[in-house]
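For reference, the structure is listed below as structure tokens.
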Amino acid sequence: MLRILASALLVCALSAQAQQYDVVLRNGHLIDPKNNIDTQRDVAIRDGKIAAIEASIPASAAKRSVDISGLYLTPGLIDIHEHVFIGLRHNAWGNGDLSVQADVMAVPNGVTTIADAGSSGWRDFPEFRHRVIDTAKTRIFAFINIVGAGMANADDVAEQNEHDMDLDALSKTIAENKGIIVGIKTAHWQQPNFDSVQKAVAAGTRNHLPVMVDFGWFDNKSYEQMIRTILRPGDISTHVFRMPAPLLTPDGKPAPYMLDARRRGIKFDVGHGGGSFNFALAEPMVKGGFFPDSISTDLHVDSATGVMLNLPNVMSKMLALGVPFVEVIRESTTNPATEIGHPELGQLAVGAVADIAVLRLDHGHYSYADLAGGKVDGTERIVPEMTLRAGHIVFDLNARTAVPWRQGHLKYATR
Ligand SMILES: [Zn+2]
């Protein structure tokens, strides 16, 4: 009897030891541009981190094994231009709320990290931190608006107020939110000068952070002048394919000043949004070899319910324009991670946090629209299948982790 018990204990101990991982994702095609991996690999997770990446890891080595044959396994997607906050006092003004609940759009779209792009300035940042950033499943960073009131109203009035650009108050809020605030945002500036951009750059220099610029009005100042003379290496120009930015030479090639800017380290971000993505710019730029550095949504209620839709849809548009799949993944993982000063994210190395997207690449005939009603045809569409955030399976489109319900001995809630 004692011997039977001892051997039973031994079996238990062995199986516990054999199940050294929490989860193993098997038979997927791993793409990790940062670490130059583009091949079939099994990935094991323990304690929320990547524990092993091998050609083969047995299912028995983990408490839960998931077969993802035929699917791609990539770092969790990173979207550095979203709008996930509007202050309660602004709602009270009756301006409506165009921001989106972060997890609702991130989790089912393979997105594990986002950066809010200037929805909040320093006045509302504590509320943003407490109510949204600290409660979401999604990892949320923020570009803080150069204007204290942030994007207080949908008609951009607050962002025209140069008297609400207080660098001391801004810098204090940045110091109080180290590791969360990853840059300064200036947007929708309508004046015939660069005051807002220059103040944002001054704040960026003082706080050692990049600036993200939405250029605003093109008819009274020069985009080229801003790119050439104001932005620093590491600063980000979002809405890169917004009309009528003069990105092209008369014969339709990427303008030399854009190539110069890229060499100097200025970053160009998609920021599709509800008014900032046009194939008339995007296609000749991409065909001319000028891919965006990062693909982002400019997520808000109008863009999420319009032709932008979600990040995988914007990524699919870049595929349709001819950006190779591995580059599309690079522009949605390691590139944006690096732009926001978090190069440890957006990769799948052993020891990295287990933020993972499992993606299906469908092949067929698809069409994609821009914001002028133009379209391009493509042969591929990216469909998110699973999302893992710090090792937790938070999205599973095809119920790969569920069991047939009759066999599952499932416990159902009774109330
Ligand atoms: Zn935006």
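Every number here is computed from the coordinates shown, using simple stated rules; none is lab data. Just so we're clear, the structure is a prediction, and the values are computed from it rather than from any experiment. Because the Cβ atoms are built from the backbone with ideal geometry, glycine has one as well, and the counts that use them run over all protein chains shown.
Quick look at the values:
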read-out	value
Under-17-angstrom lysine pairs by C-alpha in segment 76-359, whenever the two are 8 or more apart or on separate chains	7
Among ALA352, ALA402, ALA44, residue whose mean-square fluctuation peaks in a GNM of the chain (springs only between Cα atoms under 10 Å)	ALA402
Ellipticity estimate at 222 nm from DSSP helix runs (n ≥ 4, -39,500 (n - 2.57)) divided over the chain, nearest 500	-7000 deg cm²/dmol
Cα centroid of segment 245-286 to Cα centroid of segment 144-219, whole Å	23
Point-charge dipole on Cβ atoms (K/R +1, D/E -1) for segment 76-359, about Cα centre, debye to 20	600
ASN220-LYS287 FRET efficiency (beta carbon distance; Förster radius 41 Å; 0.05 resolution)	0.85
Cross-link partners of LYS49 among aspartates and glutamates (Cα-Cα below 18 Å; sequence separation of 8 or more within a chain)	ASP22, ASP32, GLU344, ASP355
Antiparallel content of DSSP bridges confined to the chain, in %, to 5	55
DSSP H segments from the chain that extend 20 Å or more along their own axis, Cα-based, with Kyte-Doolittle mean of -0.5 or above	2-18
Segment 312-415 - charge dipole about Cα centre, Lys and Arg +1 at Cβ, Asp and Glu -1, debye rounded to 20	660
In segment 330-415, the chymotrypsin sites (Phe, Trp or Tyr not before Pro) that fall in loop regions by DSSP, at most 15 other Cβ within 10 Å	TYR412
Pair LYS49, TRP405: separation of 7 Å Cα→Cβ label points (nm)	4.0
